[in-house]
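K.L.:
Dropping a structure here in structure tokens format, bear with me for questions.
Rule-based calculations on the coordinates, nothing more; no lab input. Nothing here was measured: the structure is a model prediction, and the numbers come from that model. Cβ placement follows ideal geometry from the backbone for every residue including glycine, while neighbour counts extend to all protein chains displayed.
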Amino acid sequence: MSEQAEKKEVTVETLKESLADLRYVVSEFQESIGTYLSAVEELWTDVKSNLASVEARLVGLEVQLSVIPVDAEWPQEKLTQMLQDLSEIAEEIVKMRRRFRTFTQGYQERIN
């Protein structure tokens, strides 16, 4: 019984150490959240910029297509070029999505 009584004894020094340890953990957690949010902000800024560029390219293609009469024929080279542009845009979007997934998975693993 004396061992249980000794284990239950709490000193002021023990409480101070526990408090200091817990404050350190909270501070470290807060810092990691700040780092994560800064990284998210940076990534989001990059993504928004890239998406704006993609949207501008898509709008450009839509405008080109919308001004051509339905019965008009386009040169094959022009159609091939537009199809290539669409393919490049799709690749950019895939890369952005992959980068975003990698980013979120990396942080998810660090948190867990």
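K.L.:
With the crude spin-label approximation of a point 7 Å out along Cα→Cβ, what separation in nm comes out for Tyr24 versus Ala90?
P.N.:
Roughly 5.4 nm, to one decimal.
K.L.:
Taking Cα extents along the principal axes in Å straight from the coordinates, which label in [x] 82, 16, 13; [y] 54, 42, 22; [z] 98, 23, 17 is the correct one?
P.N.:
The listed entry that was calculated here is [z].
K.L.:
Measuring from label point to label point, each 7 Å out along Cα→Cβ, what is the Gln81 to Leu43 span in nm?
P.N.:
So the two model labels end up 3.7 nm from each other.
K.L.:
With label points built 7 Å along Cα→Cβ from the Cα atoms of Ala52 and Ser66, find their separation and express it in nm.
P.N.:
So the label points at Ala52 and Ser66 sit 2.1 nm apart.
K.L.:
For the chain, set up a Gaussian network in which alpha carbons nearer than 10 Å are linked by springs, and say which option among Glu73, Glu62, Glu31 fluctuates the most.
P.N.:
Of Glu73, Glu62, Glu31, the most mobile in the Gaussian network model is Glu73.
K.L.:
Also, I was wondering about something else. Can you give the FRET efficiency for Leu15 and Phe100, using 1/(1 + (r/R0)^6), R0 = 41 Å, r = Cβ-Cβ distance, to the nearest 0.05?
P.N.:
On the way: r = 45 Å, r/R0 = 1.09.
After rounding to 0.05, the efficiency reads 0.35.
K.L.:
Please name which of Leu37, Ala90, Ala56 has its Cα lying farthest along the dipole of the chain towards the positive end, using unit charges on Cβ (Lys, Arg +1; Asp, Glu -1) and the Cα centre as origin.
P.N.:
Leu37
K.L.:
Ranked highest first by average number of other Cβ atoms within 10 Å, how do 17-24, 99-106 line up?
P.N.:
Descending packing order for the listed peptides: 99-106, 17-24.
K.L.:
Let me ask something additional. Just from its helices, what would the mean residue ellipticity at 222 nm be for the chain, if runs of 4 or more DSSP H residues each count -39500 (n - 2.57) and the sum is divided by every residue, rounded to the nearest 500 deg cm²/dmol?
P.N.:
Computed ellipticity for the chain at 222 nm equals -32000 deg cm²/dmol.
K.L.:
Please give the FRET efficiency for Val59 paired with Ile33, using the beta carbon to beta carbon distance and R0 = 35 Å, rounded to the nearest 0.05. Kindly include the intermediate steps, with their values, before the conclusion.
P.N.:
Details: r = 38 Å, r/R0 = 1.07.
Plugging the Cβ-Cβ distance into 1/(1 + (r/R0)^6) gives 0.40.
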